[in-house]
Amino acid sequence: MSNNEERVEKVRFWATQARDKARHYQHSELGFNYRMSNIVAGIGRGQLKVLDKRIKKKKYIFEFYKEHLGDLPGVEMMPENEWDDSNYWLSCILLNGKIKPLDIIEALEEENIESRPIWKPMHLQPFYKDYDFITIKDHTSVGEDIFNRGVCLPSDTKMTDEDLERVVGVIKGLWS
């Protein structure tokens, strides 16, 4: 690869978030996300016509998980506030027990189901390691606590009840 091609690849890396190859979102370099084409913008405008329908489905997915997983020992659903309206973009759980986030992620992976850790906080990103952040007890941030205990569950609006039952079944199997 010529020096010029390497530079083009580096610029492409920076222009597409500069995300490192890691299970969680990690950034060792500053990057941006300037990739919206006119076609993508047009699709986005079209999606606004079905926004209410999408939010309703996302809420259904969240409620399904809440009903079927919320009573498992050590599982806490992401909180809902009385003072706002959630868009339920992503359904996440926090774990406080013997089952760890990686246990769930790997069990779902074995069934070809994608899930992810909750986003890695900015102060843990290598690029921001020298910046100050606000801590809670024991020099841990709220974001770090959530990152260490959280899992983003599959939440696509195309999911069927059968898909949701499959996800729930794999997760509940870890408590058996």
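Derivation of every value follows stated rules applied to the coordinates shown; laboratory data play no part. The shown structure was predicted, so the numbers you read here are calculated from the model rather than taken from an experiment. Every residue, glycine as well, gets a Cβ built from its backbone with ideal geometry; the counts of neighbours run over all protein chains shown.
Side notes on the structure shown:
- Scanning region 46-77 for residues that are out of contact with any Asp or Glu (no Cβ under 9 Å at 6 or more places or on another chain), part of a loop (DSSP other than H, G, I, E, B) and under 17 Å from residue 166 (Cα atoms) gives a single hit, 72.
Quick grid of which residues meet (1) over 24 Å from residue 67 (Cα atoms); (2) surrounded by 15 or more Cβ atoms within 10 Å (Cβ to Cβ):
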| position | (1), (2) |
| --- | --- |
| 132 | yes, no |
| 136 | yes, no |
| 139 | yes, no |
| 143 | yes, yes |
| 153 | no, yes |
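- Residue check, residue 147 under 16 Å from the mean Cα position of the chain (by Cα), in a helix (DSSP H, G or I), surrounded by 13 or more Cβ atoms within 10 Å (Cβ to Cβ) and of a type in the set (Phe, Trp, Tyr): yes
- Restricting region 27-60 to residues that are in contact (Cβ under 8 Å) with a residue 24 or more places away in the chain and touching a Ser or Thr at 6+ places or on another chain (Cβ under 7 Å) leaves a set whose member that is farthest from residue 11 (Cα to Cα) is 57.
- One residue from 7, 19, 12 being closer than 30 Å to residue 130 by Cα and not in a helix (DSSP H, G or I): 19
- Options 118, 93; residue that is surrounded by 13 or more Cβ atoms within 10 Å (Cβ to Cβ), in contact with a Cys (Cβ under 9 Å, 6 or more places away or on another chain) and over 25 Å from residue 18 (Cα atoms): 93
A quick yes/no check of all residues on (1) out of contact with any helix residue (DSSP H, G or I) (no Cβ under 7 Å at 6 or more places or on another chain); (2) hydroxyl-bearing (Ser, Thr, Tyr):
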| residue | (1), (2) |
| --- | --- |
| 71 | yes, no |
| 76 | yes, no |
| 103 | yes, no |
| 120 | no, no |
| 124 | no, no |
| 135 | yes, yes |
| 152 | yes, no |
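- Put simply, of 66, 59, 53 the only residue that is over 18 Å from the mean Cα position of the chain (by Cα) and either surrounded by fewer than 16 Cβ atoms within 10 Å (Cβ to Cβ) or on the phi < 0 side of the Ramachandran plot (or both) is 53.
- Selection within region 78-105 - of a type in the set (A, V, I, L, M) and not in a loop (DSSP other than H, G, I, E, B): 93, 94, 95, 102, 104, 105
- Scanning region 153-176 for residues that are touching a Ser or Thr at 6+ places or on another chain (Cβ under 6 Å) and either hydrophobic (A, V, I, L, M, F, W, C) or part of a helix (DSSP H, G or I) (or both) gives a single hit, 153.
- Residues (assigned to a loop (DSSP other than H, G, I, E, B) and acidic (Asp, Glu)) located in region 106-143: 111, 114, 130, 132
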